[in-house]
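For reference, the structure discussed in these notes is given below.
The values are calculated or read from the model by the stated rules, or taken from the named source; none is laboratory data. Small disclaimer: the values here were computed from a predicted structure and weren't measured. Every residue, glycine as well, gets a Cβ built from its backbone with ideal geometry; the counts of neighbours run over all protein chains shown. Calculation scope for accessible area: heavy atoms of the full protein, side chains included, ligands and nucleic acids excluded. Shrake-Rupley method; radii C 1.70, N 1.55, O 1.52, S 1.80 Å.
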Amino acid sequence: MKQIPRHQQIIELVQQQGYVSTDELVERFNVSPQTIRRDLNELADENKIRRYHGGATIPLSSENTSYSDRKSMNFNEKDIIAEELVKHIPDGATLFIDIGTTPEAVARALNKTHKQLRVVTNNLNVATILLPNPEFKVILAGGEVRNRDGGIVGEATLDFVKQFRLDFGILGISGIDFDGSLLDFDYHEVRVKQAIIENSRSVFLAVDHTKFGRNAMVKLGNISQLHMLFTNQEPPKEIQTILKEHSIPLEVVESTSNEQ
């Protein structure tokens with residue numbers, strides 16, 4: 001395969017998967033590791049990817065993808081991950097559900113199967129999903145409502161969340177760096193997420209594979225603070241190592257489709 005078509009396919013793979021390893025690219029394109037490393041270095045120089053030891057990720061960005069785009073991305077995978085996560089939440093539990101399209105998928109899954117839940121949320125979409133269900137008591141945080149995604153943020157939201165101590169915290173995040181950092185784009189939103197971590201007895205994180213190696217500006221914590229991680233593909237080895245070091249269970253839920 002000629003270099004230019006191969007470069008374009010590498011870019012598309014990185015965009016689809018969030019992270020690709022050098023070994024995967026060598027096998028896919030049937031070229032030498034030296035050729036792939038040269039490809040990756042050239043693409044990184046053009047800021048089309050971000051070079052990383054053993055592979056590549058999407059380039060640096062200071063802005064999150066729009067809510068409408070995030071809602072449609074990996075929609076099926078998010079629902080499959082959410083359906084696995086809710087199996088670990090018993091009826092009668094109390095929980096925080098955070099801002100984000102994957103936490104919204106968790107709310108939809110809970111709505112189908114669970115009884116007698118008490119849910120605190122700063123996500124107007126989550127409240128809308130759960131409100132018609134008489135089995136749920138929904139407590140909606142106060143604060144400024146963002147019209148772009150229905151998230152509720154601000155000092156009032158932070159103070160509100162800190163009043164509670166609940167069984168589970170269901171987080172949504174923008175990216176996980178290879179050192180285990182949990183990342184997001186909005187400083188004010190991050191403070192609320194940190195409060196959810198601090199005030200939950202167990203913290204569950206559900207992410208599709210595109211979040212691994214994805215960059216965002218603000219660090220909210222580390223995967224070592226989680227109690228369980230749910231995803232649809234095996235994470236990069238660096239992240240798996242951190243999970244094993246801290247004895248954090250990993251659930252990889254395979255999609256029924258063959259899409260990458």
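How do the pairs read when you match residues in segment 47-58 that are assigned by the TED database to the domain that holds GLU12 with residues anywhere that are in a loop (DSSP other than H, G, I, E, B) and open to solvent by 60 Å² or more (accessible area, probe 1.4 Å), using Cβ under 7 Å and keeping only pairs 6 or more apart or on different chains?
That search, which allows pairs on different chains as well, returns ARG50/LEU60.
Identify, from the list THR102, THR128, THR113, the residue that is modelled with pLDDT under 95, among the hydroxyl-bearing types (Ser, Thr, Tyr) and open to solvent by 10 Å² or more (accessible area, probe 1.4 Å). Reasoning before the result, please.
Values: THR102 fails: open to solvent by 10 Å² or more (accessible area, probe 1.4 Å); THR128 fails: modelled with pLDDT under 95.
Among THR102, THR128, THR113, only THR113 is modelled with pLDDT under 95, among the hydroxyl-bearing types (Ser, Thr, Tyr) and open to solvent by 10 Å² or more (accessible area, probe 1.4 Å).
Suppose we filter segment 204-235 for residues that are of a type in the set (Val, Ile, Thr), open to solvent by 10 Å² or more (accessible area, probe 1.4 Å) and over 11 Å from the mean Cα position of the chain (by Cα); how many remain? Break it down stepwise before answering.
Here is the first cut: in segment 204-235, the ones of a type in the set (Val, Ile, Thr) are 207, 210, 218, 223, 231.
Checking the rest, the ones that are also open to solvent by 10 Å² or more (accessible area, probe 1.4 Å) come to 210, 218.
Subsequent filtering for residues that are over 11 Å from the mean Cα position of the chain (by Cα) retains 218.
The total comes to 1.
Go through (1) modelled with pLDDT of 85 or more; (2) closer than 28 Å to VAL203 by Cβ; (3) not charged (D, E, K, R) for LEU60 and report which single condition fails.
The number of the failed condition is (1).
Output the number of residues of segment 182-203 satisfying the condition of being outside any helix (DSSP H, G or I) and open to solvent by less than 20 Å² (accessible area, probe 1.4 Å).
First, the residues of segment 182-203 that are outside any helix (DSSP H, G or I): 182-186, 199-203.
Okay, now just the ones that are also open to solvent by less than 20 Å² (accessible area, probe 1.4 Å), so 182-184, 200, 203.
So the answer is 5.
Can you spot a residue in segment 168-191 that is within 27 Å of LYS87 (Cα to Cα), over 17 Å from the mean Cα position of the chain (by Cα) and touching a residue at least 24 places away in the same chain (Cβ under 8 Å)?
no
If you go through segment 158-174 one residue at a time, do you hit one that is among the small types (Gly, Ala, Ser), modelled with pLDDT of 95 or more and assigned to a strand (DSSP E or B)?
Quick first cut of segment 158-174, residues among the small types (Gly, Ala, Ser) only: 169, 172, 174.
From what is left, the residues that are modelled with pLDDT of 95 or more are 169.
When the remaining residues are screened for being assigned to a strand (DSSP E or B), the result is 169.
The answer is yes, given that some residue of segment 158-174 is among the small types (Gly, Ala, Ser), modelled with pLDDT of 95 or more and assigned to a strand (DSSP E or B).
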